[in-house]
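The values are calculated or read from the model by the stated rules, or taken from the named source; none is laboratory data. Note that this is a predicted model, so its numbers are computed, not measured. All Cβ positions, glycine included, derive from the backbone under ideal geometry; neighbour counts span all protein chains shown. Note: accessible area is taken over every heavy atom of the protein model, side chains too, but ligands, DNA and RNA are not part of it. Shrake-Rupley method; radii C 1.70, N 1.55, O 1.52, S 1.80 Å.
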Amino acid sequence: MSGPLRLVPDEAGPDWAEQTVQLRTLPRKRRRPVLPGQRPEPDPQLDLSPDPLDELAERLADVCADAVHPYEIAAFLESDGLSDEQAALLYGRPDAFTVAEELFEKVERRYPGPSAEFANPWRADPWRCVVRGLVFALPGLGYLLGANLFAATRMRFGLPSGMLALSVATLVSWSWNQALAHRSYAWLGRGRRRAAGVCLAVGAPLGALVAATAGYVVGGPLGALCFAAGQSGYLAAATVLLVLGREKFLLLALAPSAVGAGVVLAVDVPQLARTVVLLSSLGLAIGLAAREIVRCLRGERDTTVLKLPLLHELPHLLFGLAVGTLTMIAGLGTTVHQAVETGAAAGASASPTGPAMIALTLSLGLAEWLLFRYRAMAVAALRTSHTPAAFVRRTGGVLLGCLFIYLTTVAALDAAATVLWPGAPALGIPELGALLLLGGSLWLALLLNAFGLSWSTALICLAAAGAECAGLLTGADPTVLQLIGCGAAATVLTAIAGPVLGRTTKHR
């Protein structure tokens, strides 16, 4: 730029200046007297561009008046779904924290005590978490209905070929759907429900196709490949319903399989009847998921351009792969170890699930509730702590308490599943210790993921999963491998969690 910035274009002549003078000298409009209790009429000459933040300040007056720091208002705005993009688009501020600072300045303080609404900005419905835990665990009963489909004499890597194909398809589905869910939640967090619907409409069928193809490439009996394809379709549909908050619909779709599995445990049922039950659950899940996607696509189109790079989903894809591998080793590691030592006969009756996997999947609902609970109590600690050291002590105690509750529940679920599961081996202290280290590692990884450390958690869990896989194929004891791998992962994650979660800026 070669000269000073000109507010008036060069071609503007005396007419422009004359019009400006006329605008400045216009007589003010005579305003009606304001009666008591009546709001004054807006003056169009004075209120040409009202600040949109005034309306938000009026709506959140109770929250802002009780806040003792802008961090508290920022935490409420983030829990309410206000992103930096929305702050720029709706309020003309660069980020949500700037909005919180200005709201803090606009609204006069009022003490004592927080409002009831702000007391828990990270609210979570406990019953919804219970339902989510059920829908995570109930698909395991479907393996009882399809157990005859995995019978095979040819062994590969210590597992029947059909079981290996199913395991590969499952890992691909878990990793793909983890990334798909994160991307869809990102659209929903920005108020783009239609964009989230498009993401699910494209990503869910594509992920099911990729997972089924991976199982087919591995090879196996036709029945096992069909079961793997059906499972891939179910996991895609379940991802859609869970992301859109339709857990009850998914529970309805799983009802036929749950009832059928109960019957199979009591009496012998022909494979044809079992297949019909599985197909009914699959059809219900896919139909309900398609219905919800159509409802999203019927929403109003947003013309504002907003892009989410696909590369941002890579750490979540790797995290899903690592978690799936660690969980599968916990369920199938003993079978593979026995097959490597004794041959095909040990793996002929391999089961795709077991007490450890049932305990972990049933505990996922509680894990989600504890994540919300930790964030709520951390924000409360931010309000009541007077020094950084006091805040670190409070949040550290909350973290240990949440971990204790979660691991105690996992241990109880594993003990119950061991008693109820047919043919389950006796639960020993090393096996229980390995499971608790795995559960603690996964919960800490999920917590750090929620604070934006997606790459760190993905690489740590992936390294532990790779080390356990390598050791398992060499014939090492899977329990020892889990103790070493999950123990190392838990140690590193704890070392990262302490300094990161002790920063007040992470909880704003």
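Numbers below:
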read-out	value
Using distinct alpha-carbon pairs, which all enter the 1/r mean, Kirkwood radius of region 238-278 in Å	11.3
Tensor-based shape of region 419-503 (alpha-carbon gyration tensor, a/c under 1.5 rounded, otherwise prolate or oblate)	prolate
Mean Cβ neighbour count within 10 Å, used as a protection proxy, ranking 179-186, 356-363 highest first	356-363, 179-186
Modelled FRET efficiency - R0 60 Å, residue 429 with residue 312, Cβ distances, 0.05 increments	0.90
Peptides ranked, highest mean first, by Cβ atoms within 10 Å: ranges 237-246, 492-501	237-246, 492-501
Fraction in percent of alpha-carbon pairs per bin - 10 Å, region 248-324	15, 23, 30, 21, 9, 2
Cβ-derived FRET efficiency at R0 45 Å, residue 125 paired with residue 51, nearest 0.05	0.80
Ranked by how many other beta carbons lie within 10 Å on average, peptides 407-415, 191-199 from highest	191-199, 407-415
Gain on full stretching of the segment that runs from residue 295 to residue 494 - 0.36 nm per residue minus C-alpha separation	67.4 nm
Length gained when the stretch residue 412-residue 61 is fully extended (0.36 nm per residue, less Cα-Cα span)	121.8 nm
For region 179-329: accessible area per residue (Å², 1.4 Å)	47
